[in-house]
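All remarks here apply to the structure that follows.
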């Protein structure tokens with residue numbers, strides 16, 4: 001007779017099934033926790049946004065504190081509180097633009113000429129297509145970059161701007177004035193500082209720029225500025241300042257930051273900031289004359305640029321050339337020192 005083979009016991013089979021079930025449950029739980037964490041951290045499904053411009057999660061509020069600093073400058077204002085700070089939106093590949101801006105309108109010499117201290121910070125998100133060591137090296141050289149771990153995207157400009165508000169609130173709350181602007185802008189810093197210095201003591205609850213009134217939400221899905229009713233139900237936006245360049249008193253940064261936690265996320269950063277101002281009952285101050293803040297490119301001449309604050313959509317080569325021309329000819333030009 002052949003020896004009978006040993007049959008597995010019923011108890012062993014049940015134990016195996018239980019162990020497998022527990023293992024599968026743990027894996028599912030881990031995946032669930034990961035998905036929840038990512039959903040809270042990123043207000044958008046980025047791949048869907050890039051292809052359709054459609055906002056996925058219509059209930060998300062921005063919580064900037066969930067994003068972690070990759071690069072920070074927490075001691076920037078430790079030794080000296082600046083009169084004025086530039087917050088400049090940029091992307092990693094814009095190395096030349098940043099260098100030109102450092103050498104022209106963001107240079108601290110502009111403050112020296114008017115007797116005040118100015119600083120600047122370039123604001124970046126995370127770009128998976130850029131070698132981070134180059135940004136880190138640039139940061140270590142100039143100490144003028146802040147970066148958090150949100151994905152770099154047009155649709156995340158609001159996150160980038162609120163990051164700047166958070167930074168001012170946490171690390172430089174005593175700064176008198178701040179300007180948020182972009183890397184394709186020409187800024188006549190000296191003239192802006194002259195006008196701000198007309199206000200003594202420095203203003204509070206102050207916000208100015210190119211004011212846009214009666215703007216209508218774009219409801220066509222193919223629009224770059226598409227906003228569905230699920231995100232914004234009103235027929236008109238409140239008054240807001242173009243994101244190309246607006247100036248505000250330093251005390252507003254924590255107020256805007258506070259309201260950013262309470263307002264449904266909107267990828268149009270200038271409109272979103274306008275909604276934060278409305279939430280805080282802050283009235284926008286109109287510039288003292290037209291033509292100071294320009295949302296389009298102004299045809300260059302040394303004397304015309306001598307009496308404006310911003311001109312838009314300018315490549316770095318033109319910023320440098322126009323800046324040099326304006327400096328060489330400003331003695332031949334005149335302007336009125338307006339007061340905000």
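Laboratory data are not the source of any read-out in this text; all were calculated from the coordinates shown. The shown structure was predicted, so the numbers you read here are calculated from the model rather than taken from an experiment. For neighbour counting, all protein chains shown are included, and Cβ atoms are generated from backbone atoms with ideal geometry for every residue, glycine included.
All of (1) surrounded by fewer than 21 Cβ atoms within 10 Å (Cβ to Cβ); (2) under 20 Å from residue 168 (Cα atoms) hold for residue 231 with one exception: (2).
Taking the criterion of being more than 30 Å from residue 94 (Cβ to Cβ) and surrounded by 14 or more Cβ atoms within 10 Å (Cβ to Cβ), the residues of the stretch 170-227 that qualify are 197, 199, 202, 203, 205. Taken as a whole, the stretch 244-256 holds at least one residue that is in contact with a strand residue (DSSP E or B) (Cβ under 9 Å, 6 or more places away or on another chain), closer than 30 Å to residue 200 by Cβ and assigned to a loop (DSSP other than H, G, I, E, B). Of the residues making up the stretch 257-278, those that are outside any helix (DSSP H, G or I) and in contact with a helix residue (DSSP H, G or I) (Cβ under 6 Å, 6 or more places away or on another chain) are 263, 266, 267.
Using the structure shown, decide if residue 308 is under 27 Å from residue 82 (Cα atoms), in contact with a helix residue (DSSP H, G or I) (Cβ under 8 Å, 6 or more places away or on another chain) and assigned to a helix (DSSP H, G or I). So residue 308 does not fit the description; no.
For the structure I just gave you, tell me whether residue 141 is assigned to a loop (DSSP other than H, G, I, E, B), surrounded by fewer than 18 Cβ atoms within 10 Å (Cβ to Cβ) and out of contact with any helix residue (DSSP H, G or I) (no Cβ under 6 Å at 6 or more places or on another chain). First the steps, then the outcome.
Working: assigned to a loop (DSSP other than H, G, I, E, B): no; surrounded by fewer than 18 Cβ atoms within 10 Å (Cβ to Cβ): yes; out of contact with any helix residue (DSSP H, G or I) (no Cβ under 6 Å at 6 or more places or on another chain): yes.
Spelling it out, it is not the case that residue 141 is assigned to a loop (DSSP other than H, G, I, E, B), surrounded by fewer than 18 Cβ atoms within 10 Å (Cβ to Cβ) and out of contact with any helix residue (DSSP H, G or I) (no Cβ under 6 Å at 6 or more places or on another chain).
Let's see how each residue does on (1) over 23 Å from residue 307 (Cα atoms); (2) buried (at least 20 other Cβ atoms within 10 Å of the Cβ); (3) over 21 Å from the mean Cα position of the chain (by Cα):
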position	(1), (2), (3)
237	yes, yes, no
246	no, yes, no
260	yes, yes, no
264	yes, no, no
268	yes, yes, no
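Return yes or no: is residue 155 touching a helix residue (DSSP H, G or I) at 6+ places or on another chain (Cβ under 6 Å) and in a helix (DSSP H, G or I)?
Against the criterion (touching a helix residue (DSSP H, G or I) at 6+ places or on another chain (Cβ under 6 Å) and in a helix (DSSP H, G or I)), residue 155 qualifies.
Within the stretch 279-295, being touching a strand residue (DSSP E or B) at 6+ places or on another chain (Cβ under 6 Å) and not in a loop (DSSP other than H, G, I, E, B) holds for one residue alone: 285. For the stretch 312-334, give me each residue that is in a loop (DSSP other than H, G, I, E, B), out of contact with any helix residue (DSSP H, G or I) (no Cβ under 6 Å at 6 or more places or on another chain) and farther than 13 Å from residue 185 by Cβ. 334 - this is the single residue of the stretch 312-334 that is in a loop (DSSP other than H, G, I, E, B), out of contact with any helix residue (DSSP H, G or I) (no Cβ under 6 Å at 6 or more places or on another chain) and farther than 13 Å from residue 185 by Cβ.
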